[in-house]
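What follows is a short report on a single structure.
The values are calculated or read from the model by the stated rules, or taken from the named source; none is laboratory data. Everything numeric here is computed off the predicted structure, so don't read it as measured data. Every residue, glycine among them, receives a Cβ derived from its backbone with ideal geometry; neighbour counts consider all protein chains shown.
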Amino acid sequence: MTAMARAEALRLVGVRRTYGTADNPVHALNGVTVSLPAGTFTAVMGPSGSGKSTFLQCAAGLDQPTSGQVFIDGTELNQSSETALTKFRRQRVGFVFQQFNLLPTLTAWQNVTLPLRLAGRKVDRERCVAALTSVGLADRVDHRPAELSGGQQQRVAIARALVTDPNVIFADEPTGALDTRSAREVLALLADAVHKMGQTVVMVTHDPVAASYADAVLFLADGQLVDRLVRPTAELVAGRLTQLGDLAQRRGLAVGE
Ligand code: ADP
């Protein structure tokens, strides 16, 4: 079989995000360059304050870098107007949040179909049923979030992220509010979305076990990418994090999460 170059789902080039004043700048991201091929599952880790949230926000087009470029599937984000960016996000990016962010008054079905309706796209019933079936919730379509467990709500959120067939799904601590068993189910679903459906997932997590479901882990420290671990195990990830934490502590920074 001939090896084919995989399309690039996400590229950051020299991305900086600075907060604060000119006198007292905080470099939340300090020159991040990375390329993630389509169909891969990447975890982003690092000590508290290392820039993980800022990375996710900038990569997903929720925040604008101070300088540098972000490309999703070859399209540069930060040249767009806010309206164009919102439209782009709705069509090309999926999100899974720690607190699920489902609309409480809508049923599972209505939550899952919402991104399509917001994007002005036809609700493809078969596709939505397939998405809810793939997360094991075909029999819960009429339930509202309060009638579902945390794990089930996060599975609805994954189905919601899948229905638009986005170029990248960004997951921000997706297992942070779940018990161990539900967390594993959610991680296995994200891994399946990548390995069986060809999705691209970028997940911020502080949990080495969660990171071990990814194909590779990127480590941030002080707003810079300082390490990358391919085919991670929880033990290897925990070891790297401890090293980074020790470094940060020696520099007097807050460590933990
Ligand atoms: P992490 O997610 O790894 O904890 P963040 O991306 O939240 O890190 O933050 C990186 C750095 O940027 C921290 O020093 C944080 O205090 C700073 N920072 C983040 N957001 C803001 C903001 N809105 N205003 C000022 N400083 C911020």
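One residue stands out in the range 14-36 among those that are surrounded by fewer than 16 Cβ atoms within 10 Å (Cβ to Cβ) and not small (Gly, Ala, Ser): the one that is nearest to the chain's Cα centre (by Cα), namely Thr33. Count of the range 37-46 residues, restricted to those that are more than 10 Å from the ligand (Cβ to nearest atom) and surrounded by 22 or more Cβ atoms within 10 Å (Cβ to Cβ), is 3. Candidates in the range 63-84 are the residues that are of a type in the set (A, V, I, L, M) and surrounded by 17 or more Cβ atoms within 10 Å (Cβ to Cβ); of these, the one that is farthest from the chain's Cα centre (by Cα) is Leu77. Scanning the range 192-214 for residues that are out of contact with any helix residue (DSSP H, G or I) (no Cβ under 7 Å at 6 or more places or on another chain), under 20 Å from Asp73 (Cα atoms) and assigned to a helix (DSSP H, G or I) returns Val194, His195. Annotation note: Cβ proximity below 8 Å between a residue of the range 39-64 that is under 13 Å from Asp227 (Cβ atoms) and assigned to a loop (DSSP other than H, G, I, E, B) and a residue that is near the ligand (Cβ under 7 Å from one of its atoms) and modelled with pLDDT of 95 or more (sequence gap 6+ or interchain) occurs for Gly46/Lys52; Gly46/Leu220; Ser50/Leu220; Ser50/Gly223.
Modelled with pLDDT under 95, over 15 Å from the mean Cα position of the chain (by Cα), more than 24 Å from Ala216 (Cα to Cα) and within 12 Å of the ligand (Cβ to nearest atom): is that true of Gly49 in this structure? When the stated conditions are applied, Gly49 does not pass them.
Counting the residues of the range 145-165 that are part of a loop (DSSP other than H, G, I, E, B) and farther than 20 Å from Gln98 by Cβ gives 3.
Assess whether Ala7 counts as being at pLDDT below 95 and surrounded by fewer than 17 Cβ atoms within 10 Å (Cβ to Cβ). The answer is yes for Ala7. Screening Leu187, Leu236, Leu225 for residues that are farther than 30 Å from Thr107 by Cβ and either of a type in the set (Val, Ile, Thr) or not in a strand (DSSP E or B) (or both) leaves exactly one candidate, Leu236.
Taking Asp124 as the residue in question, decide whether it is touching a Phe, Trp or Tyr at 6+ places or on another chain (Cβ under 9 Å), surrounded by fewer than 19 Cβ atoms within 10 Å (Cβ to Cβ) and either over 30 Å from Phe71 (Cβ atoms) or at pLDDT below 95 (or both). Judged against the criteria, Asp124 is not a match.
Collect the residues in the range 11-29 that are touching a residue at least 40 places away in the same chain (Cβ under 8 Å) and within 10 Å of the ligand (Cβ to nearest atom), keeping them in residue-number order. Once the filter is applied, which keeps residues that are touching a residue at least 40 places away in the same chain (Cβ under 8 Å) and within 10 Å of the ligand (Cβ to nearest atom), the range 11-29 yields Arg17, Thr18, His27, Ala28, Leu29. Looking only at residues in the range 71-130 that are assigned to a loop (DSSP other than H, G, I, E, B) and among the hydroxyl-bearing types (Ser, Thr, Tyr), the one that is nearest to Arg11 (Cα to Cα) is Ser80. Applying the condition of being part of a strand (DSSP E or B) and touching a helix residue (DSSP H, G or I) at 6+ places or on another chain (Cβ under 7 Å) to the range 166-184 and asking which residue is surrounded by the fewest Cβ atoms within 10 Å (Cβ to Cβ) yields Asp172. I'd like the residue in the range 211-226 that is of a type outside the set (S, T, N, Q) and away from the ligand (no atom under 15 Å from the Cβ) and, out of all such residues, is nearest to the chain's Cα centre (by Cα). It comes out as Ala214.
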